[in-house]
Amino acid sequence: MAMKVEIISKEIIKPYSPTPDHAKDFKICMLDELAPPSYVPILLFYPPPADFTSDNLKKSLSETLVRFHPLAGKLKGNISFDCNGEGVLFVEAKVNIAASEIINNPQTEMLHQLFPLDPYKPTEETETTITGVQVNVFACGSVAIGVCVSHKIADAASLSYFLQAWAATTTGIDQTLAPRLDSAVLFPPRGLNLIKPSDLIRNEKVVTRRFIFERKNLANLKSKIGNGNGNVNVNPTRVEAVTVLIWKSAMEVVRVNSGKNTLPSSIITHQVNFRERMNPPLPGNSLGNLCRLAVAAYIDVNKEMELQELVGILRKSIRKIDGDYLEKLQGVDGLAKAIEPLRELRQLASGGEGAEVFTFSSWTRFPLYEIDFGWGKPIRACTLTVPVRNCVILMATRSGDGIEAWITLNENDMVKFESSEELLQFVSAST
C-alpha cells in the first residue's frame, strides 16, 4: 500500500507567557552566522500510546517555549532573533500505513512527509518559521514526532536537549530544564552572511541508504584496525572505525570509476561538538552551533592506505580542536580561525586534479532514545541527510552499542559502494 499522509490541522503554539522585554532581542553568535540557512531535523517513532491526545503535547510545548524563547521567535537578518513569541508551527497528521513499514525500511521520500517542513529546500515559510513540529499518528496507533529547528539557532545537540526538556515537561518529571543562552558572549557576532539559501540547492541525482553496524561487527572492525599493518598504533573508537571504513570504501568507488590503480586524493570533514573541549567545559544545554569542522586529507596517492593510518589522520585533525584552538576562536582573530577550515577545504579540493570531499557528522552520543513523552522510549530515531553527494550522518542504534550510518552518494556510486567487499564484512544490515 502506498503511504499517504493526511494533514488534519495546522496551528501556531505560542509560549505560555510573554518573553520579558530584556530578553526579546537575542543575539546569535559568530558560529550561528556561519551556519547554513536550513533546518536540523529529528524524527522519533513511538509505540502506540494507550490513550493518545495531542492536547498535552501542545500544552507542554507552550510551557517549554517560555524557557526556549528564541525557538519561538523570528530571525532578523543574520544578526539576532526577535523573541516576540510568534510561536512554533504545530502540524497534526494521519498516516494510512503501519509505522513498521517505515521503521523496517526507511525511505527518504517517505520520511520527508513526516516533517512539517523540508529542511533543505528554502521557501517563504522557511524564512519566517524557526521551529516546526509534526505529530504523525499511524494506522497501527504508533506515533512519530518530526521536529525541525533552524540551523541559525541550534545544532543537533541543541535540538536533542530541547526535545529532552519538552518530554520532561510533558511527563511532569522536570519542568525546569532550560538552555544556556550566552553563546554570543563567548563568540561575539561579526555581521556575517556568507551562505545564501540558493547555495543549498544542488541538481544532483543522489540516493540515501542506511547501513547498520551492530556491536559484534563493530568489535571485529575495531580489532582489525587495531591489529593492522600501519605505522600508527591506534585503538579506534566506534565512530573512528566506521568513519574510516566508509571513507576508504567510498574512495575505492572513486578509484574504480577513474580507472586508476591507487586510491585517489580525498578529504573528509567531521563536525566536532566542542562543548566539552572548552576550558572550562560548556554544559550540554548550551544553545547554538557549538561545533567546528575538522578537516582530514589523504593526498599520498602513491601507496595503498590502511584503515589504521586513516584513523591516525582523522584523529589528528579532530584533536586540533582543543582548548588552545577554542581560545583563539574567541579572540580578536576569531573570524579568521572560524573560516580557516573552509579555506583549507577549498585549497585542498582545488589542488592538482582536485580531491573528492566526504562530509561526516556523528550524532551517536545524543540521548535520542531516552526521550519519553509518557508513551515509553522511542522505537526508532532518525534524521534526513543533506541531499548532496558524499554526506554521512552516524547515529546510535536503539540498543546503544551499534551505529547506523545514513550515507548519501550519487546513484552510480551507491551501486558500487553497496557491493564493497571490505564494507560488507562488517555491515549487519542495510536498507
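The values are calculated or read from the model by the stated rules, or taken from the named source; none is laboratory data. Remember, predicted model here, so these are calculated numbers, not experimental data. We place every Cβ from the backbone using ideal geometry, glycine too, and count neighbours over all the protein chains shown. Heavy atoms of the whole protein, side chains included, go into the accessibility calculation; ligands, DNA and RNA do not. Shrake-Rupley method; radii C 1.70, N 1.55, O 1.52, S 1.80 Å.
Does the stretch 331-362 hold any residues that are surrounded by fewer than 16 Cβ atoms within 10 Å (Cβ to Cβ), more than 26 Å from VAL239 (Cα to Cα) and either at pLDDT 90 or above or of a type outside the set (S, T, N, Q) (or both), and which are they?
GLY331, VAL332, ASP333, ALA336, GLY351, GLY352, GLU353, GLY354
Scan the stretch 5-20 and report the pairs whose first residue is loosely packed, with under 13 Cβ neighbours inside 10 Å and whose second residue is in a loop (DSSP other than H, G, I, E, B), with Cβ atoms within less than 6 Å and a gap of 6+ or a chain change.
ILE12/GLY87
So how many residues does the stretch 133-154 have that are closer than 27 Å to LEU34 by Cα and touching an Asp or Glu at 6+ places or on another chain (Cβ under 9 Å)? I'd like the intermediate steps shown before the answer.
Going residue by residue through the stretch 133-154, those that are closer than 27 Å to LEU34 by Cα are 133, 146-154.
Checking the rest, the ones that are also touching an Asp or Glu at 6+ places or on another chain (Cβ under 9 Å) come to 148, 151-154.
Residues that pass the stated criteria total 5.
So ILE321 passes all but one of these: (1) outside any helix (DSSP H, G or I); (2) open to solvent by 10 Å² or more (accessible area, probe 1.4 Å). Which condition number does it fail?
(2)
Return the residue satisfying two criteria in turn: it lies in the stretch 234-274 and is closer than 19 Å to GLY312 by Cα and free of Cβ contacts under 8 Å to residues at least 40 places away in the same chain, and of such residues it is least open to solvent (accessible area, probe 1.4 Å).
Per the criteria, the residue is THR237.
Given the criteria in contact with a Phe, Trp or Tyr (Cβ under 6 Å, 6 or more places away or on another chain), modelled with pLDDT of 90 or more and open to solvent by 10 Å² or more (accessible area, probe 1.4 Å), does ASN285 qualify?
Numbers: in contact with a Phe, Trp or Tyr (Cβ under 6 Å, 6 or more places away or on another chain): yes; modelled with pLDDT of 90 or more: yes; open to solvent by 10 Å² or more (accessible area, probe 1.4 Å): yes.
For ASN285, the condition - in contact with a Phe, Trp or Tyr (Cβ under 6 Å, 6 or more places away or on another chain), modelled with pLDDT of 90 or more and open to solvent by 10 Å² or more (accessible area, probe 1.4 Å) - is met.
Evaluate the stretch 184-192: report whether one residue or more is at pLDDT below 80, in a helix (DSSP H, G or I) and open to solvent by less than 80 Å² (accessible area, probe 1.4 Å).
Within the stretch 184-192, none of the residues are at pLDDT below 80, in a helix (DSSP H, G or I) and open to solvent by less than 80 Å² (accessible area, probe 1.4 Å).
Quick check on the stretch 102-123. Is at least one of its residues surrounded by fewer than 22 Cβ atoms within 10 Å (Cβ to Cβ), of a type outside the set (Asp, Glu) and within 17 Å of GLU63 (Cα to Cα)?
No.
Within the group SER428, SER419, which residue is touching a helix residue (DSSP H, G or I) at 6+ places or on another chain (Cβ under 6 Å) and of a type in the set (Gly, Ala, Ser)? Give the steps one after another, and end with the answer.
On the way: SER419 fails: touching a helix residue (DSSP H, G or I) at 6+ places or on another chain (Cβ under 6 Å).
One residue alone meets the criteria, SER428.
Need the failing condition index for THR169 against (1) in a helix (DSSP H, G or I); (2) closer than 30 Å to ALA429 by Cα, just the number.
With (1) in a helix (DSSP H, G or I); (2) closer than 30 Å to ALA429 by Cα applied to THR169, the lone miss is (2).
Which of the residues belonging to the stretch 390-431 are free of Cβ contacts under 8 Å to residues at least 24 places away in the same chain and either among the hydrophobic types (A, V, I, L, M, F, W, C) or crowded, with 20+ Cβ neighbours inside 10 Å (or both)?
Within the stretch 390-431, VAL415, LEU424 qualify.
Out of all the residues in the stretch 78-88, is one or more open to solvent by less than 40 Å² (accessible area, probe 1.4 Å) and closer than 15 Å to VAL133 by Cβ? Spell out how you get there, then give the answer.
In the first step, residues of the stretch 78-88 are kept if they are open to solvent by less than 40 Å² (accessible area, probe 1.4 Å); the result is 78, 80-81, 83, 85, 87-88.
From what is left, the residues that are closer than 15 Å to VAL133 by Cβ are 87-88.
Yes, the stretch 78-88 contains a residue that is open to solvent by less than 40 Å² (accessible area, probe 1.4 Å) and closer than 15 Å to VAL133 by Cβ.
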